[in-house]
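Data first, discussion second: the structure below is written as structure tokens.
The values are calculated or read from the model by the stated rules, or taken from the named source; none is laboratory data. Treat the numbers as computed from the prediction; the structure is a model and nothing was measured. Ideal geometry is used to build each Cβ from the backbone, glycine not excepted, and the neighbour counts take in all protein chains shown.
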């Protein structure tokens, strides 16, 4: 069994030597074929030089350097593309995640049959001003997504390899990987993990990430609901516009039948414009449906095959 660790890193040169030593201590006996892929996300402190130094003398260590700081989602995507293991574990490079947790995560994926295991920092070594917004954020995401997790932001997660192609890795969507997997039909659970205080450097995240997170959640919800059935969105607005326009048109039609005269009025122009807009919305929905129909069959994840 091969396990791949995907580790995004931004200005973590001081943490990496200790992290590599802890990974060796945790995994050498249990998973001798493990690999650790460190993705340097445009660091300015020599992080990649440390990775190259260790990779030169340790075949377990691999490195990827992004040309500029692109964000955690892009770093994870680069690591996922490089990972060769049957099971992929993501963790942060700041020593706040304990590599010993990997053993139990892999057991949950292999023996208990889960497709994704998300870490839960039940006891957090963070100040109150970080814990309170996180509590609210996780409650909202759980309510909207339909999957109950306590800590969507935890970087320590485990995946079966077949889950990875169904994850949309762009922007700040790394926060919602359990949501994507759940919506794709995979089995998702969480595991309480040990959270350690930062030993080196400073946190790379501020309060603003929660605002970005809520907007990303809105975007993801929109895509999940309407990406495969765009006519449901455009058609709804089209029907509403046509309904709004139909009522005045019916009134003017009745007036014309009764009086034999029809005068150009602002309300009549508004009604005709609403009908035209409604037809345009429905037409856009039909065109979007035609585009989607080309690869819609490929989007459904297959659970199992036999024969």
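Tabulated values for the structure
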item	result
Selection status of residue 4, in contact with a strand residue (DSSP E or B) (Cβ under 9 Å, 6 or more places away or on another chain), at pLDDT 90 or above, surrounded by 20 or more Cβ atoms within 10 Å (Cβ to Cβ) and under 23 Å from residue 194 (Cα atoms)	yes
Test set (1) at pLDDT below 80; (2) in a helix (DSSP H, G or I) - residue 257 fails condition number	(1)
Positions within segment 122-151 being modelled with pLDDT of 80 or more, touching a helix residue (DSSP H, G or I) at 6+ places or on another chain (Cβ under 9 Å) and part of a loop (DSSP other than H, G, I, E, B), in sequence order	146, 147, 148, 149, 150, 151
Some residue of segment 91-108 being out of contact with any helix residue (DSSP H, G or I) (no Cβ under 8 Å at 6 or more places or on another chain) and farther than 25 Å from residue 124 by Cβ	no
Condition check for residue 109: surrounded by 21 or more Cβ atoms within 10 Å (Cβ to Cβ) and at positive phi	no
Looking only at segment 22-46, and only at residues there that are without any contact (Cβ under 8 Å) to a residue 40 or more places away in the chain and within 26 Å of the chain's Cα centre (by Cα), the one that is farthest from residue 97 (Cα to Cα)	42
Positions within segment 163-181 being farther than 15 Å from residue 74 by Cα and in contact with a strand residue (DSSP E or B) (Cβ under 8 Å, 6 or more places away or on another chain), in sequence order	163, 178, 181
